[in-house]
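First comes the structure, then the notes that go with it.
The values are calculated or read from the model by the stated rules, or taken from the named source; none is laboratory data. All of these numbers come straight from a predicted model, not from anything done at the bench. Don't worry about glycine lacking a Cβ; one is built from the backbone with ideal geometry, like all the others, and counts go over all protein chains shown. Ligands, DNA and RNA are stripped out before the accessible areas are found, and what is left, the full protein with its side chains, is counted by its heavy atoms. Shrake-Rupley method; radii C 1.70, N 1.55, O 1.52, S 1.80 Å.
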Amino acid sequence: LIAATALLNVVLNLYVIPRWGAIGAAFATLISFACALVGSWVLGRRLMKLSLPVRDMGKILAGCALLALAVLIILPPGGRWSKLVLAIVCGALVYALVVVATDMAGSRRRVLTLLRQCAHVFRGTVR
């Protein structure tokens, strides 16, 4: 499965890199890894019963899509390094907000606990 994923990635890269450059390479890798995910799931179900956490996957995909949108809005093709850094920071913030908003892995409770602790520190009332 790993060899097939690598081969698919190389073939897709040969096709998309001349046309779309680094963005094409990123999409080729995304497609290859998505195929590996599906293949792993199908093969894994043959060995043991595996559930597919569709709801959690949807949250993660929504976060990734919003992150990509934020980066594409901020970073036009041929942009400068400063805009790249800004796009990376904004994309990470957007993803973090989606993680907390959708409560991935109980993140909302953890963030609220951390914020309460920080508030106590700033008020000088550390317990």
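Here are the numbers:
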item	result
Estimated distance in nm for a label pair at Arg109 and Ile88, the labels positioned 7 Å out from Cα along Cα-to-Cβ	3.4
For Leu75, residues with placed amide H under 5 Å, excluding near neighbours	none
Distant-in-sequence amide H partners of Asp103 (H built 1.01 Å from N, under 5 Å)	Arg108
Cβ-placed point charges (K, R +1; D, E -1), dipole of region 3-127 about Cα centre in debye, nearest 20	480
Accessible heavy-atom area order of Thr102, Thr5, highest first, probe of 1.4 Å	Thr102, Thr5
Protein accessible area in the chain, 1.4 Å probe - carbon and sulfur %	75
Crossing angle, helix 2-47 versus the chain [Cα axis fit, 0-90 degrees, rounded to tens]	80
Normalised per residue, the volume of the convex hull around the Cα set of the chain (Å³)	161
Mean residue ellipticity (222 nm) of the chain, computed from DSSP H runs ≥ 4 via -39,500 (n - 2.57), nearest 500	-29500 deg cm²/dmol
Residue of Leu97, Leu115, Leu52 that the Gaussian network model of the chain assigns the largest fluctuation, springs spanning Cα pairs under 10 Å	Leu115
Solvent-accessible area of Leu1 with every protein chain in place, 1.4 Å probe, in Å² to the nearest 10	90
Solvent-accessible surface ranking, highest first, for Asp56, Asp103 at 1.4 angstrom	Asp56, Asp103
Ranked order, Met57, Met104 - accessible area, probe 1.4 Å, largest first	Met57, Met104
